[in-house]
1. Output the residue which, of all residues in region 418-440 that are surrounded by 10 or more Cβ atoms within 10 Å (Cβ to Cβ) and not in a loop (DSSP other than H, G, I, E, B), is modelled with the lowest pLDDT.
2. Taking strands (runs of 3 or more DSSP E) that do not extend beyond region 586-701, which have at least 3 residues that are in contact with a Phe, Trp or Tyr (Cβ under 7 Å, 6 or more places away or on another chain)?
3. If you go through region 309-342 one residue at a time, how many are assigned to a helix (DSSP H, G or I) and surrounded by fewer than 17 Cβ atoms within 10 Å (Cβ to Cβ)?
4. Which of (1) modelled with pLDDT under 90; (2) under 17 Å from THR681 (Cα atoms); (3) not hydroxyl-bearing (Ser, Thr, Tyr) is the odd one out, the single condition GLU33 does not satisfy?
5. Among (1) part of a helix (DSSP H, G or I); (2) modelled with pLDDT under 90; (3) more than 17 Å from PHE238 (Cα to Cα); (4) not polar (S, T, N, Q), where does PRO191 come up short?
6. Would region 112-128 turn up any residue that is closer than 23 Å to GLU351 by Cα, among the hydrophobic types (A, V, I, L, M, F, W, C) and in contact with a strand residue (DSSP E or B) (Cβ under 9 Å, 6 or more places away or on another chain)?
7. Test each condition in (1) within 23 Å of the chain's Cα centre (by Cα); (2) free of Cβ contacts under 8 Å to residues at least 24 places away in the same chain for ALA72 and report the one that comes out false.
8. Give PHE108, PHE65 a once-over and let me know the one that is aromatic (Phe, Trp, Tyr) and surrounded by 21 or more Cβ atoms within 10 Å (Cβ to Cβ).
Amino acid sequence: MGVRVSVRTVLGSWKAGDVVDMPLTLRPLTNFENPGRYDYVADQARRGLHARASSKSDIFWVHAFPPGVGSAAVGAIHRGIDAVRQHFRRLIEENIHGPPGAVAQALFLGYRNAVPPSIQDRFQKAGVMHLLAISGLHVGLAAWAAFRVAQILLRLLCPGVLLRIPDVHLAWWAGCAAATAYALMAGLAVPTQRALILLISAAAALVLYRKPDPLNLLATAGILILLLDPNNLFRPSFQLSFAAFLGIVLAYAPWSAFARKKIGKLPRRIRWAATLFADAFLLSAAATLTAAPLTAYHFHSFSAAGLAANTVIVPFLALAVLPPGLAALALGALVPPAAPVLLLPVGWTLELLLWLIEGFAAFPLGFAHVGPVPVWGLVAFYTAAAVSFLPVTPKKKILGMAVVMAFVAGFSLVRHLHGLSKVESLFQVTALDVGQGSATVIRCPEGAAILVDGGGFYDDSFDVGRHVVAPALWAMGIRRLDTVVLSHDHPDHRNGLRFILETFPVGRYVETGITSRGLEGSALSAVAARRRIPIVHTLMDAPQDADGTVDLGPVGHCRIRSLHPTPAFIKNAWDGKDLNEVSLVLEVTCGDAGILLPGDIGQETERILLEKAFPKSLSFSRRWVLIAPHHGSAGSCSRALLETLRPDAVLISCGPSNPFGFPAPAVLDRIQALGIPVLRTDLHGAVHAAWDGSRWRWSTMIAKRQQLYTPALLPAPKREFPAKRSAPQGQDCRS
């Protein structure tokens with residue numbers, strides 16, 4: 001079976017096609033089991049990958065012999081192609097530095113992952129993300145260049161051959177051969193396959209003296225790609241590539257004919273420029289508008305700036321970047337000493353390209369995150385588009401469009417009224433499944449929402465906020481957050497909040513203000529300030545009570561208090577280093593129910609908290625849900641905290657098979673000895689508790705995640721819901 005292997009440090013020189021023996025521990029692929037989650041496991045299974053493994057380095061990897069002669073031949077072909085790709089990549093890395101070099105690797109060779117996420121984000125906001133994929137523009141330029149060179153050489157060197165075979169036919173086959181070689185070197189992704197098949201099919205039609213029909217060529221490309229891998233049908237790259245080309249085929253010609261009629265009435269001196277601009281704009285509009293619903297469906301976003309950006313950037317790329325860049329790479333490979341001189345102007349044009357993209361990405365209201373797009377919305381849009389292209393009278397087209405619009409309006413109204421009837425009237429808390437991290441959503445009666453932490457990876461390689469937390473909030477019907485809280489400045493709590501603060505309407509942002517550099521505010525404060533979100537630093541500018549706690553006031557029908565850290569704790573008890581111990585401890589209450597979120601504090605800080613900021617008399621007046629401190633580590637969640645609070649349930653946020661062994665067996669023993677139910681994100685996905693006015697009811701996203709891997713030093717997970725606990729449970733919400 002296929003295994004996805006992550007390597008932190010690569011020491012050897014490995015190429016595609018190499019056969020390697022490597023010591024690995026296999027682990028199951030897992031989903032982030034939240035509302036609105038993306039089925040990563042199914043997507044990887046469609047690619048043939050069914051497990052994952054990681055390695056600190058490749059120091060113990062050994063070249064192995066392939067199992068057969070056929071495999072050896074295929075491996076040799078792969079290694080040869082990859083050696084050429086890596087040679088060209090080294091040329092770029094040595095001569096074009098910084099962001100332009102990274103973009104050059106993607107534009108010329110298909111190394112899209114070389115582009116930093118921040119630059120990819122600008123491409124997305126400018127609506128030109130498709131430029132980072134090797135597609136028809138790249139393949140067509142390579143074919144056209146080879147065609148012209150072959151045509152000239154044939155006329156000069158082999159004029160006798162042209163008496164029997166037209167030079168156009170022979171030259172186009174040379175162009176197809178060059179395009180095939182370039183497509184193989186560029187990685188042969190789905191857009192590249194589509195462009196190559198279209199080119200070869202069109203060349204075959206010309207040789208057979210047939211007029212190429214764009215729709216037939218597109219259908220041929222789609223069928224061949226799906227025959228190679230039927231799962232391509234469900235991949236965004238396939239859908240977007242074919243939708244954009246179909247939009248050009250169907251819409252560009254009639255739009256262009258109409259525009260030329262209008263331009264023909266302009267003065268002759270500006271007619272040429274107007275025609276050039278109109279063609280560029282209409283080509284961009286046809287592709288962008290056709291693919292826009294699919295872009296919104298898959299990526300929850302839409303770039304209106306793309307209409308203008310593609311009008312300017314695509315011609316600039318086609319004329320000033322790709323031709324000289326590909327030519328410089330080819331000549332630089334043939335004459336290595338000339339590579340720095342040849343690639344220097346390419347770096348300048350790429351800097352200008354990035355400047356243009358930066359400008360379009362900064363357009364006000366040019367980009368928006370639209371949240372989840374329903375399938376019925378896609379169907380309605382493309383049905384309306386199909387009606388507009390039907391060969392019927394304008395009256396019938398208008399009637400058909402009116403029917404589609406009436407359906408959309410009626411369906412939207414029904415959904416809106418249904419949503420109004422389901423306005424949440426319960427006090428609820430959901431610990432999201434963000435892997436080894438923490439993100440907690442609290443919903444107050446009548447719809448107010450609070451997000452405490454956003455999860456995150458330590459190397460920031462995966463944006464948990466964009467891909468996990470935001471889809472979960474949208475699926476829960478949350479479009480606005482009244483309060484966003486960072487408990488402490490660690491990446492597994494902080495990194496996922498950046499996207500949330502940049503995207504969602506937020507009422508205020510709350511943190512302690514403590515970082516590893518001192519009391520100066522985290523990097524998220526700058527994000528909030530840039531969006532003009534009110535900021536509360538509990539240790540810097542918030543009004544404090546006599547005991548050092550901070551009343552953060554009401555949020556809807558809830559009330560929030562910051563119990564820790566206090567100035568006295570910072571002065572007398574904190575070592576000035578461990579940010580876990582100065583985690584923001586929040587108490588969120590609503591009537592007779594309460595939620596305690598202690599961040600990552602340890603047992604000693606819990607003791608101080610119980611003595612000073614959380615009097616025992618208060619704990620008996622409410623029914624509590626406890627978010628386990630520090631993901632259930634052995635040094636947290638003391639018996640004193642559990643006995644004082646006596647929570648109705650403990651929610652533990654931790655990652656499946658995490659390397660820290662969270663939650664610790666001792667913590668589970670302490671909790672279960674008191675008969676308190678435990679709900680864990682590593683086993684149950686997102687865990688949820690709702691207060692119905694008299695008791696907490698809890699449920700989980702999945703019944704229990706299958707444990708295919710258990711660390712050897714840890715005991716098997718214990719039963720989570722002790723029979724002696726009498727509090728009722730809600731039914732499991734199975735995904």
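1. GLY419
2. Strands (runs of 3 or more DSSP E) meeting the threshold: 593-597, 687-691.
3. 16
4. Going through the list (1) modelled with pLDDT under 90; (2) under 17 Å from THR681 (Cα atoms); (3) not hydroxyl-bearing (Ser, Thr, Tyr), GLU33 breaks only (1).
5. Result: PRO191 fails condition (3) only.
6. Yes, region 112-128 contains a residue that is closer than 23 Å to GLU351 by Cα, among the hydrophobic types (A, V, I, L, M, F, W, C) and in contact with a strand residue (DSSP E or B) (Cβ under 9 Å, 6 or more places away or on another chain).
7. (1)
8. PHE108
The values are calculated or read from the model by the stated rules, or taken from the named source; none is laboratory data. The structure presented is a predicted model; accordingly, all values stated were derived computationally and were not measured. So basically every Cβ, Gly included, is an ideal-geometry build from the backbone, and we count neighbours across all protein chains shown. With ligands, DNA and RNA removed, areas are computed over all heavy atoms of the protein, side chains included. Shrake-Rupley method; radii C 1.70, N 1.55, O 1.52, S 1.80 Å.
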